[in-house]
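The values are calculated or read from the model by the stated rules, or taken from the named source; none is laboratory data. What you see is a predicted model, and the numbers here were worked out from it, not measured in a lab. We place every Cβ from the backbone using ideal geometry, glycine too, and count neighbours over all the protein chains shown.
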Amino acid sequence: MFSFLVKRLFQALIVMFVISLVAFAIQDNLGDPLRELVGQSVSESERQALRDELGLNDPFITKYTRFVGNALQGDLGTSYFFKRPAVEVILDKLVATLELVFGA
């Protein structure tokens, strides 16, 4: 029984890794997040400086490992849309989500 649980836990970790990798790759390739953050009125040199500051010019593997490390500490980053920490946005919508889940 113990070996079964260990095997299932290992499989769950692999699935979570693959899902996080695919989701991060999709998000990373969607476009320029600076367009949402600062708009079109910023010069290219300022955009480049902001990209360097935010780590957007880093290689994919560097950005992914930074994302995973922060996520394991509970920091999911900042929502580009709401301009708030992503954890706050998720928690705000959690009550309605749970009502739908348990109501179904």
Subset of region 39-55 [surrounded by 11 or more Cβ atoms within 10 Å (Cβ to Cβ) and out of contact with any helix residue (DSSP H, G or I) (no Cβ under 7 Å at 6 or more places or on another chain)]: 42, 46, 48, 49, 52, 54
Filtered residues of region 61-76 (kept if part of a helix (DSSP H, G or I) and within 13 Å of the chain's Cα centre (by Cα)): 63, 64, 65, 66, 67, 68, 69, 70, 71, 72
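Criterion first (surrounded by fewer than 14 Cβ atoms within 10 Å (Cβ to Cβ), free of Cβ contacts under 8 Å to residues at least 12 places away in the same chain and within 23 Å of residue 21 (Cβ to Cβ)) does residue 74 satisfy it? Full working, then the answer.
Details: surrounded by fewer than 14 Cβ atoms within 10 Å (Cβ to Cβ): yes; free of Cβ contacts under 8 Å to residues at least 12 places away in the same chain: no; within 23 Å of residue 21 (Cβ to Cβ): yes.
So residue 74 fails the test.
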Some residue of region 9-28 being of a type in the set (Ser, Thr, Tyr) and farther than 22 Å from residue 71 by Cβ: no
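Any residue at all in region 90-103 that is at pLDDT below 90 and either closer than 16 Å to residue 17 by Cβ or not hydroxyl-bearing (Ser, Thr, Tyr) (or both)?
Looking only at region 90-103, we keep the residues that are at pLDDT below 90, and these are 103.
Restricting the remaining residues to those that are either closer than 16 Å to residue 17 by Cβ or not hydroxyl-bearing (Ser, Thr, Tyr) (or both) gives 103.
There is at least one residue in region 90-103 that is at pLDDT below 90 and either closer than 16 Å to residue 17 by Cβ or not hydroxyl-bearing (Ser, Thr, Tyr) (or both).
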Residue match in region 82-104 (condition: touching a residue at least 24 places away in the same chain (Cβ under 8 Å) and either under 14 Å from the mean Cα position of the chain (by Cα) or surrounded by 10 or more Cβ atoms within 10 Å (Cβ to Cβ) (or both)): no
Test: residue in region 14-25 that is loosely packed, with under 10 Cβ neighbours inside 10 Å, closer than 22 Å to residue 87 by Cα, under 13 Å from the mean Cα position of the chain (by Cα) and not acidic (Asp, Glu): no
